[in-house]
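Below: one structure, written as structure tokens.
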Amino acid sequence: MQTTVPKNRRGYLGALALILVIVGLYWGLIHAPPDAYQGNAQRIMYLHIPSILTAYLSFFLVFVGSCLYLWKREKRDDILAYSAAEIGVLFTALTIVEGSIWGKPTWGVWWTWDARLTLTAILLLIFVGYLMLRSLIEEESRAASAAAILGIIGFLDIPLIHMSVYWWRTLHQPPSILRPDKAPWDNIHPAMLTALAINFFAFVLLYFYLLSLRFRLGEMTEEIKTRRMDRGR
Amino acid sequence: MKLLRQTYLLLRKDLVLELRRRESLLTMFFFGTLLLFVFHFSFDLVPEKVTEMAPALLWLAFLFTGTLGLTQLFEAERTNHCLDALLLSPMDRGALFLAKTCFNIILMVAVEIVVVPLFWILFNLRSWEGVPLLLGVAFLGTIGFCVLGTLLSGVTLKARARELLLPLVLFPLMVPVILATIRCMEAILRNGNIGDAVPWLRLLLGFDVIFVTVGILIFDWAIDV
């Protein structure tokens, strides 16, 4: 079995991600001005938005990996879906925690049943279910195809859940940067936008670094299993 | 046509089995009734409050009884390796999916037809006007529930502790169905017709159509042994 990312290149990716995370944190926490209304609490946005975007990226990769696995039956695609789901759960949980910490000083509550919060929580539940399903089926190939199906259904269900919880209620901040009436750079201080952009790239790099590590782990587990089988165990 | 014929044959097999044993139907029916009593004790419902809470309570009762049915859905096939034999036979797996879905829908509808009037009698609701429409909406919700339920019950077939796992993966995915059905039912009890809940009804229909299609296409892999 072959690794898709050679070891030394993965090291560079990790180093670059680390540097960008540090620069991004400096830019977001120190360099960018505090928000006019929310003060320093707003700075959590520099982590909050990148983490939810990477979580979405993750669930998209679960969907892609699941489709490919059902289609071609290659172990590689299944490992991709599994790795992406695990890291996706991590980033979704992070998003919820960050949001809560921000919500307490800004809204006065840790949690509220707003549409976007509810959607994120349901996403977390769906993909925690996905991980549980995997761990509760012993037979490798069964677990892989079962998980692939749940990954596909879960992804297809997201737009419907999105619509229903939005109709149900909405209280979250409307998007302040990507608005139809103004260009993004008019809505926000340039230093804030730069901080957000840096953090976003930092998170994406960090994400792919973690993904490649987790992917390699999956491949090695697979390799051990094959070798054991070859030795007649 | 062949798909429908195969579906019919498989469905008839399940129905005959169920009519002879009456296991699922009786358990589901008594569990549904039991839930009505539990709700009554927990909320101490007075008539003014009942109309407000009826949609949520009814739908919760259906959801729980439906889950009970789903966990039993492939029980007959699991013993004596009947499933292997069934999968070896030259039939479309989509037909198996449709038959199982229809079977669970029939069970749930049978329970609903009894439980809804019972709810009206037990909680002294006066107006019976919206009941047929209410059952209609419940039917659409039931389709959505059974479609995904059957699919996931096939997926979890070989899992350990599958009875516990099934609701865990099913309920988060059920959010659109739960919200849409309850909002439609509320509108019916408030106005006597679907009125302003038409978008919810569309969402519910959309959910049913999408997942029936996805189910037929994907079930082949879901049940693969």
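The values are calculated or read from the model by the stated rules, or taken from the named source; none is laboratory data. The structure presented is a predicted model; accordingly, all values stated were derived computationally and were not measured. Please note: Cβ atoms are built from the backbone with ideal geometry, for glycine as well, and neighbour counts cover all protein chains shown.
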Inset, instruction - For residue B:217, indicate whether it is in contact (Cβ under 8 Å) with a residue 60 or more places away in the chain, more than 9 Å from chain A (Cβ to nearest Cβ) and either over 19 Å from the mean Cα position of the chain (by Cα) or in a loop (DSSP other than H, G, I, E, B) (or both). - result: yes
Inset, instruction - Would you mind stating whether residue B:120 is under 14 Å from residue B:33 (Cβ atoms) and either outside any helix (DSSP H, G or I) or not basic (Lys, Arg) (or both)? - result: yes
Inset, instruction - Given the conditions (1) modelled with pLDDT under 90; (2) within 7 Å of chain A (Cβ to nearest Cβ), report the number of the one that residue B:192 does not fulfil. - result: (2)
Inset, instruction - Tell me, yes or no, whether the stretch A:30-41 has at least one residue that is within 22 Å of the chain's Cα centre (by Cα) and in a helix (DSSP H, G or I). - result: no
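Here is a yes/no grid of residues against (1) under 29 Å from residue B:84 (Cα atoms); (2) more than 12 Å from chain A (Cβ to nearest Cβ); (3) part of a loop (DSSP other than H, G, I, E, B):
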{"position": "B:133", "(1), (2), (3)": "no, yes, no"}
{"position": "B:136", "(1), (2), (3)": "no, yes, no"}
{"position": "B:151", "(1), (2), (3)": "yes, no, no"}
{"position": "B:176", "(1), (2), (3)": "no, no, no"}
{"position": "B:179", "(1), (2), (3)": "no, no, no"}
{"position": "B:187", "(1), (2), (3)": "no, yes, no"}
Legend entry - Members of the stretch A:100-150 found to be facing chain B (nearest Cβ under 8 Å) and not in a helix (DSSP H, G or I), listed by number: A:137, A:138, A:139
Legend entry - Unmet requirement for residue A:83, which otherwise passes all of (1) out of contact with any Leu (no Cβ under 6 Å at 6 or more places or on another chain); (2) of a type in the set (Ser, Thr, Tyr); (3) assigned to a helix (DSSP H, G or I): (1)
Legend entry - Criterion: under 17 Å from the mean Cα position of the chain (by Cα) and surrounded by fewer than 17 Cβ atoms within 10 Å (Cβ to Cβ) - qualifying residue of A:131, A:117: A:131
Legend entry - Cross-chain or 6+ apart pairs with Cβ under 6 Å, the stretch A:198-210 first and in a helix (DSSP H, G or I), then of a type in the set (Ser, Thr, Tyr): A:199/A:46; A:203/A:54; A:207/A:54
Inset, instruction - Please work out if residue B:161 is small (Gly, Ala, Ser) and farther than 25 Å from residue A:122 by Cβ. - result: no
Legend entry - Checking residue A:104 against (1) farther than 30 Å from residue A:217 by Cβ; (2) modelled with pLDDT of 90 or more, the condition it does not meet: (2)
Inset, instruction - Just give me the residues in the stretch B:1-57 being loosely packed, with under 12 Cβ neighbours inside 10 Å and among the acidic types (Asp, Glu), in sequence order. - result: B:44, B:48
Legend entry - Residues within the stretch B:67-97 that are in contact (Cβ under 8 Å) with a residue 24 or more places away in the chain, part of a helix (DSSP H, G or I) and more than 17 Å from residue B:17 (Cα to Cα), tallied: 8
